[in-house]
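The values are calculated or read from the model by the stated rules, or taken from the named source; none is laboratory data. Predicted model only: the values in this text are computed from it and were never measured. Virtual Cβ from ideal backbone geometry, glycine too; neighbours counted across all protein chains shown. Keep in mind that these areas ignore ligands, DNA and RNA; they rest on the heavy atoms of the full protein, side chains included. Shrake-Rupley method; radii C 1.70, N 1.55, O 1.52, S 1.80 Å.
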Amino acid sequence: MTAHGAPNLKTVYLDLTHLGRHVTGIERITIEQFEKVPFTGAELRHVRSSSLLSMIFKQQVQLPLLALLKPRALFVFPGFPPSPVFCFFRQRTVLYVHDLFLVTRRDDLSLKAKLYMAAPFRMAVTGLRFFMANSDKTRSELQPFVRADASIALYRPTVANVFGLTPDARRTPRDRDQPVRLVSLGTVEPRKNYGAALAILDALRSTSAANAELHIIGRKGWGPDAERLSTHPGVIVHGYLSTHAAKAVLDSADMYLCTSHDEGLGLPLIEAQFAGLPVVAPDAPVFREVLGESGTFIDPSNATASAATIAGLLADAAHRTAVADTALANTTRWNRLAAHDRERAIAMFTHPLDHAIKTAGDSIKAA
């Protein structure tokens, strides 16, 4: 990182006020894509908070004041949407968009998200000019909402082996005396559609794998799902785990199961592939984007067919070994794309935004 006060550098204020909680998807991307990246040629100033009240004050008061007092500075928001005041500074504000759920899936939002985030997010996507998106799917969904002069650059996150996984366990036949173990990662909330996962588990237990288990790693969110899951036969809800504890669960798993209604990206699916795990996910554009040819795609609403697909994969000994190589190849493919995106992000922070966006080969100019 460059030193404060270095001459001829663009000053960039980076909103990190939402960090400090449990590190889940948005926090992890913020850390890896922005906090840790050496944006050579820019003077980055991290804006952090120490409490909820501090976060609100800095998001709604301090950052807008800085925008007023620092007319040449760039402001980047990789987590929460900015104060609506930033629509007046749209020429030097960049919003990183993880998904469009705040405007497209309001029924899946907690009350806090509806009150504090939904309205500012809608104002930001309709009022700002410069955006980054975490996937082609998110970029395509964002495009209809933005201004005619807005631009969207793709900035896919690099996927690190955060759990220290290896595919060694998948290169040998599974122990048939052990329960079939499915694993899912993600906050327990309605959008994750864990009800479909329960139906698939029940179908699997009633047919080919009576001892099948579903292990869920993720903090409790809003809604009734956590209580329902914790009392369901065959379900083990681990809650938020340390990296070491999460690694142990993933290492012992036979398959990763995702049944989400929707995702902006689905980062945990690729993270699990460092373990060589087969990944079963809904047949939807975002999952095909992140998994490529390495995934198995299902209709989560059809529990019987989904369970039959999973049973078929488990019965195929050759598939267990072959998928380990396919999964690792997909992590390499994805990270190659992400490395290209990172170069573009650095250019955006060190050159005029209009120039950086126009010279990005796969940025989209809104119609």
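Here are some notes:
- Of everything in the stretch 325-367 that is part of a loop (DSSP other than H, G, I, E, B) and of a type outside the set (S, T, N, Q), the residue that is modelled with the highest pLDDT is His351.
- Residues within the stretch 170-190 that are open to solvent by 40 Å² or more (accessible area, probe 1.4 Å) and either of a type in the set (D, E, K, R) or in contact with a Pro (Cβ under 9 Å, 6 or more places away or on another chain) (or both), tallied: 6
- Look at the stretch 66-91: where a residue is in contact (Cβ under 8 Å) with a residue 60 or more places away in the chain and a partner is outside any helix (DSSP H, G or I) and open to solvent by 60 Å² or more (accessible area, probe 1.4 Å), sitting 6+ places away or on another chain with Cβ atoms under 9 Å, you get Ala73/Arg45.
- The selection criterion, being part of a helix (DSSP H, G or I), crowded, with 22+ Cβ neighbours inside 10 Å and out of contact with any strand residue (DSSP E or B) (no Cβ under 6 Å at 6 or more places or on another chain), does not hold for Glu227.
- Total residues in the stretch 281-317, condition open to solvent by 50 Å² or more (accessible area, probe 1.4 Å), out of contact with any strand residue (DSSP E or B) (no Cβ under 9 Å at 6 or more places or on another chain) and closer than 15 Å to Met255 by Cβ: 4
- When the test is whether a residue is outside any strand (DSSP E or B) and free of Cβ contacts under 8 Å to residues at least 12 places away in the same chain, Leu19 does not pass it.
- Checking the stretch 230-242 against the condition returns a match, with at least one residue being among the hydroxyl-bearing types (Ser, Thr, Tyr) and touching a residue at least 40 places away in the same chain (Cβ under 8 Å).
- Qualifying residue in the stretch 8-21 (condition: open to solvent by 40 Å² or more (accessible area, probe 1.4 Å), in contact with a strand residue (DSSP E or B) (Cβ under 6 Å, 6 or more places away or on another chain) and at pLDDT below 90): yes
- Every condition in (1) open to solvent by 20 Å² or more (accessible area, probe 1.4 Å); (2) farther than 30 Å from Val290 by Cα; (3) not charged (D, E, K, R) is met by Ser83 except one, and the failing one is (1).
Here's the yes/no breakdown for (1) open to solvent by 10 Å² or more (accessible area, probe 1.4 Å); (2) within 18 Å of Lys58 (Cα to Cα); (3) touching a residue at least 12 places away in the same chain (Cβ under 8 Å); (4) hydrophobic (A, V, I, L, M, F, W, C):
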position	(1), (2), (3), (4)
Val97	no, no, yes, yes
Ser110	yes, no, yes, no
Ala124	no, yes, yes, yes
Leu128	no, no, yes, yes
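- Selection from the stretch 137-169 of residues that are closer than 20 Å to Val76 by Cα, touching a strand residue (DSSP E or B) at 6+ places or on another chain (Cβ under 9 Å) and either open to solvent by 10 Å² or more (accessible area, probe 1.4 Å) or not hydrophobic (A, V, I, L, M, F, W, C) (or both): Thr138, Arg139, Gln143, Val146, Asp149, Ser151, Tyr155, Arg156
- Filtered residues of the stretch 40-57 (kept if crowded, with 19+ Cβ neighbours inside 10 Å and within 27 Å of Gly264 (Cβ to Cβ)): Ala42, Leu44, Ser49, Met55
- Scanning the stretch 22-57 for residues that are assigned to a helix (DSSP H, G or I) and at pLDDT below 90 turns up Gly25, Ile26, Glu27, Arg28, Ile29, Thr30, Ile31, Glu32, Gln33, Phe34, Glu35, Leu52.
- Cβ-Cβ contacts under 8 Å between residues 6 or more apart (or on different chains), taken from a first residue in the stretch 132-152 that is of a type in the set (Lys, Arg) to a second residue that is surrounded by 22 or more Cβ atoms within 10 Å (Cβ to Cβ) and part of a helix (DSSP H, G or I), are listed as Lys137/Val286.
- Residue pairs meeting the criteria (Cβ under 8 Å; at least 6 apart or on separate chains; first closer than 30 Å to Arg336 by Cα, in the stretch 289-315; second in a helix (DSSP H, G or I) and acidic (Asp, Glu)): Glu289/Asp136
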